[in-house]
Each structure stands twice: as structure tokens, then as C-alpha cells.
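Working notes, structure below.
The values are calculated or read from the model by the stated rules, or taken from the named source; none is laboratory data. As the structure is a computational prediction, the values presented were derived from the model and not from experiment. Cβ coordinates were reconstructed from backbone atoms using ideal geometry, including for glycine residues, and neighbour counts include every protein chain displayed. Please note that ligands, DNA and RNA were not included when accessible areas were found on the heavy atoms of the full protein model with its side chains. Shrake-Rupley method; radii C 1.70, N 1.55, O 1.52, S 1.80 Å.
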Amino acid sequence: MAAPGAPVTVTVTYSNEKHSIQVASQQEDGEPTLQDMAVLIEQVTGVPVPFQKLIYKGKSLKELEQPLSALGVKNGCKVMLIGKRGFLAKDLQAEALKQLDKRIKGTAEQFMKILEQIDAINLPENFSDCKLKKKGLVKRVQVFLAQCDTIEGNIGQEMDKLQSKNLALAE
């Protein structure tokens, strides 16, 4: 067993990844806790602490304030992590989608203004190479606009899914 206050080295398995981490206490003269380990695991794997499920010897580790020694976690132990990176809380998902939708609509509007500006350019008849470039530019901007439309549609579908889930939960 490690001396009180001494760091504990643990191997964390997440998906197909293995990470060796050294867990030290955040309190002076204290033992490393599950919270200390969970924060380090978040830094290494990107899985936020609230979405981590840590398993050691077949048991789920839940008591974040507990010292690792009280949970039986020692130097060289292996801990398995189950969780997903980058999860947004349900109440934040709808807001994030609304903000993203607003940004996409703003971007599409900017592309429309660019198309208007390109259209306003008058070129003499003998500038055929410039006219071809202008036509190519219009096509590229139209592709960007189509991508904005596709993204906007996907956001709408995700918002609909979220609303239907919320309605199902409310019933």
C-alpha cells in the first residue's frame, strides 16, 4: 500500500486506449481520492467527470470523496472507464442547437450577400476568362449555400428528435 499522501499510479482502460496516470492528492498531506483520479481521467480521455463510470474489480466506484486506498485502489491497479466524450446535458442540447441554427442561417445570409455582390459585377464582353471565373465563383458559393441548407435540415431533425424525446418523457 502506498504511504499516505504518496501518489498512486493507475492504468485506466477506455475503449481501446490505455492510459497510465499518477494520481496525487489535491489536499496537502492528504491521500489521493476518487475525485482526484476522476479529474485526471477527464484531462486524459476527455470524458467529463459526471459522465464517467469507473469500474475496479467488477465494482462501480461512485464515492468521489473516498480515498483510493479505502476503495482498494493501489499502485499498479487497473481501472476501466465507461463513458462518452463531449456529452451535453439535455437542457443544454436544445439551446446549443438553437445557437448553431442561428449561426448557420447567418452564414447562409452572408453567402447570399456575396452572390448579390458577384452578380453586381459587370464585365465587358471581351473579358471571357473573367466571366468564366465569375461563373465558377458563383458555383462555389452555391455549393456552400447548399451545404448550409443541408446542415440546417440536420439541425432541424435533431431539434425534432429532442422535442419528441422530451414530450415522451413528459407523458
Q) Here are some residues: 47, 73, 79. Which one is within 30 Å of residue 27 (Cα to Cα), surrounded by 15 or more Cβ atoms within 10 Å (Cβ to Cβ) and modelled with pLDDT of 95 or more? A) 79
Q: Please state which of the following conditions residue 75 fails to meet, knowing it meets all the rest: (1) closer than 30 Å to residue 161 by Cα; (2) in contact (Cβ under 8 Å) with a residue 40 or more places away in the chain; (3) not β-branched (Val, Ile, Thr).
A: (1)
Q | Qualifying residues in the range 51-70 (those that are within 17 Å of residue 21 (Cα to Cα) and more than 27 Å from the chain's Cα centre (by Cα)) - the one surrounded by the fewest Cβ atoms within 10 Å (Cβ to Cβ) | A | 69
Q: Quickly run through the range 108-142 and pick out the residues that are of a type in the set (A, V, I, L, M, F, W, C), part of a helix (DSSP H, G or I) and surrounded by fewer than 11 Cβ atoms within 10 Å (Cβ to Cβ).
A: 132
Q.
I'd like to check something: does the range 94-113 contain any residue that is small (Gly, Ala, Ser), at pLDDT 95 or above and touching a helix residue (DSSP H, G or I) at 6+ places or on another chain (Cβ under 6 Å)?
A. yes
Q. What number of residues within the range 20-44 are in contact with a Ser or Thr (Cβ under 7 Å, 6 or more places away or on another chain) and open to solvent by 70 Å² or more (accessible area, probe 1.4 Å)?
A. 3
